[in-house]
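The values are calculated or read from the model by the stated rules, or taken from the named source; none is laboratory data. Keep in mind it's a predicted model, so treat the numbers as computed, not measured. Backbone-built Cβ (ideal geometry, glycine too); neighbour counts: all protein chains shown. Each accessible area value is taken on the protein alone, full model and side chains, heavy atoms only, with ligands, DNA and RNA left out. Shrake-Rupley method; radii C 1.70, N 1.55, O 1.52, S 1.80 Å.
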Amino acid sequence: MIKLLLPLLLLVPPHADQPPRTLDWQPCPGDSAVTAECADLPVPVTSTRTVTLKLARLPATGPRRGSVLVNFGGPQGDQIALLRSRPHLFDRIRESMDVVTWDPRGYPGLSRPALACDWTFLRTPRFPADQAGFDRLVADNRARGERCRATDPELFDHMDSGSDARDVEAIRVALRERRVNFIGTSYGGVIAQAYARKYPHRVRTVYVDGTGNHSTRDWDGELDAIARDNEAFARRFLDWAGPDVERRWQALVARADAEPIPALTASTGYDGTQLQALAFGKLRRGPVQWDEVLRAITAAEAGDASGFAPPGRDPNPGLPGGGVKECLDFPHADFARVERTTQRLRRIAPNTGASFPLAWHLSLTCPGWPTPTANPPAPLPRGLPPFLGAGTWQDHAATKRVTDQVAGSRTIFHDGPGHNLFAGMMNACVIEHVSAYVTDRRLPPAQVTCP
């Protein structure tokens, strides 16, 4: 009898053994002119432990036909505050749908508990010169991770995007929705991919915007593709800058690798990879910054790299947040692999090198992490309904590598700089296409562009 029941049990949907929780929607904490409602939802961390997610919704303004879940990226981000700050993005969607978001587990926000970690700017270390230097870096990373983990080890170990995907499934059940509509912008697209992998039969629509491709079998190949993407981005600037600038730039990077160039007003110095990272950070803002980059190159050739310093208190390259989710979502590497990858990417992309976050920041800030990768990249399954994606000069190619895995999908191209067309740049053309897709599953034509 047990053998006969087992195949049937495997077909039972997740959470089917539990009745859907009733969400008690109340006004959200804090003053706001936006009519947003909030509710608490306990979700499992382990078989014996739960945490409480704070959900928020903008209710449908017309006859309700469902819900759409939104994650704006970060990867942490105060998602509820972001939703309340830009409700107009969803005017068309709200004619027939509730718009729902949640503050992710473990991060500062309205969900509880939150890890007591340093969520501010995380400086990217320099490439170590040898194994001994890498070992010191590993020890520093482990100590940083352990300080954060000590506040709540169980929660820390379950902060990956796969755990977020399980939270999305719990939200779906609580909302009593048969299938999920998901808008995932920036890192929110990684969560969307994780959900589509775990619960493909629960997907109705998925929109990803300016996301990385976390759905690959070949991570090294994806790093190579990102290097080519960034080199093509830099090529726009070099072609604009005129003859000889590419030669000067590569010579400056080589000189900085031999001996860091002082940034006098920033009281620091930059090696070649740091120059590449900082220059790319300025170039990604588009032609409005290109004159500034050209002046910075000229000044650095004369001995002062201050023009590359980013705004803010820390003049070094890095990323916000503690890297907790990223180190659980992406592979860790030893020194030999980091060195091989760096050399390969520098050959592929002589102007941008290995300075982009996925090859550089994560390769240097995650080795030694106290918890191993929990949600590594993996291909999307077959049979998913068509996705919609969108991206700019910076991220269209990577986003398209996600959507191209799903038959019938479309990816909108914006021929310009920027990031996060839907929620960041608030591109009206993109918002119109996303609204039609989420509500009616109506996709734009192939090769669609938005100004």
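Gain on full extension, evaluated as 0.36 nm per residue between residue 201 and residue 429 minus their Cα-Cα distance, stands at 79.1 nm. Take residue 95, project a point 7 Å from its Cα along the Cβ direction, then tell me which residues of the stretch 419-451 have their backbone nitrogen under 14 Å from it. Of the residues in the stretch 419-451, 432-442 have backbone N under 14 Å from the label point off residue 95. Estimated from the Cβ-Cβ distance and a Förster radius of 51 angstrom, the FRET efficiency linking residue 86 and residue 142 is about 0.85.
For residue 304 and residue 334, what does the FRET efficiency come to when R0 = 30 Å and r is the distance between their Cβ atoms, rounded to the nearest 0.05? For residue 304 and residue 334, the calculated efficiency is 0.25. Extending 7 Å from Cα along the Cβ direction at residue 65 and again at residue 151 yields two label points whose distance is 4.3 nm. Among residues other than residue 75 with Cβ under 13 Å from its Cβ, the summed charge is -4 (Lys and Arg +1, Asp and Glu -1).
Note on the stretch 357-451: the alpha carbon radius of gyration divided by the globular reference 2.2 N^0.38 Å gives 1.29.
Counting only protein heavy atoms, what percent of the accessible surface of the stretch 169-228 is carbon or sulfur at a 1.4 Å probe?
Numbers: 720 of 1670 Å².
Using a 1.4 Å probe with all protein chains present, the stretch 169-228 comes out at 43 percent carbon and sulfur.
The fraction of Cα-Cα pairs per 10 angstrom bin, counted from 0 for the stretch 408-451, comes to 28, 59, 13 percent, rounded to whole percents. Taking the stretch 380-422 and a reference point 7 angstrom along Cα→Cβ of residue 179, the backbone N atoms nearer than 17 Å belong to 381-389, 406-410.
If the chain between residue 52 and residue 313 were fully stretched, how many nm would it gain, using 0.36 nm times the residue separation less the Cα-Cα distance?
Numbers: separation 261, 0.36 × 261 = 93.96 nm, distance 3.46 nm.
Extra length available between residue 52 and residue 313 comes to 90.5 nm.
The residues packed around residue 282, meaning those with a beta-carbon under 12 Å from its beta-carbon, carry a net charge of +1 if Lys and Arg are +1 and Asp and Glu are -1.
Based on the Cβ-Cβ distance from residue 257 to residue 436, what FRET efficiency comes out when R0 is 45 Å, to the nearest 0.05?
Details: r = 50 Å, r/R0 = 1.10.
Between residue 257 and residue 436 the formula returns 0.35.
A cut-off under 10 angstrom between Cβ atoms defines the neighbours of residue 156, and their net charge, with Lys, Arg +1 and Asp, Glu -1, is -3. For the chain, the number of Lys pairs with C-alpha atoms closer than 29 Å, counting only pairs eight or more positions apart or on separate chains, is 8. Of the peptides 300-310, 360-370, the order by per-residue mean of other Cβ atoms within 10 Å, starting with the highest, comes out as 360-370, 300-310.
For the stretch 351-451, carbon and sulfur atoms together expose 55% of the accessible surface, with a 1.4 angstrom probe and every protein chain in place.
Report note on the peptides 434-444, 181-191, 126-136: ranked by the mean count of other C-beta atoms within 10 Å, highest first, their order is 181-191, 434-444, 126-136.
Our Cα-only numbers for the stretch 147-300 put the radius of gyration and Dmax at 21.6, 62 Å.
What a 1.4 Å probe finds exposed on the stretch 26-67 is 50% carbon and sulfur by accessible area, rounded to a whole percent. Average accessible surface for the chain: 43 Å² per residue, computed with a 1.4 Å probe over protein heavy atoms with every protein chain in place. For Rg/Rh (Cα atoms, Kirkwood Rh), one of [x] 1.04; [y] 1.19; [z] 0.98 was computed from the structure I shared and the rest are decoys. Which label? Checked against the structure: label [z].
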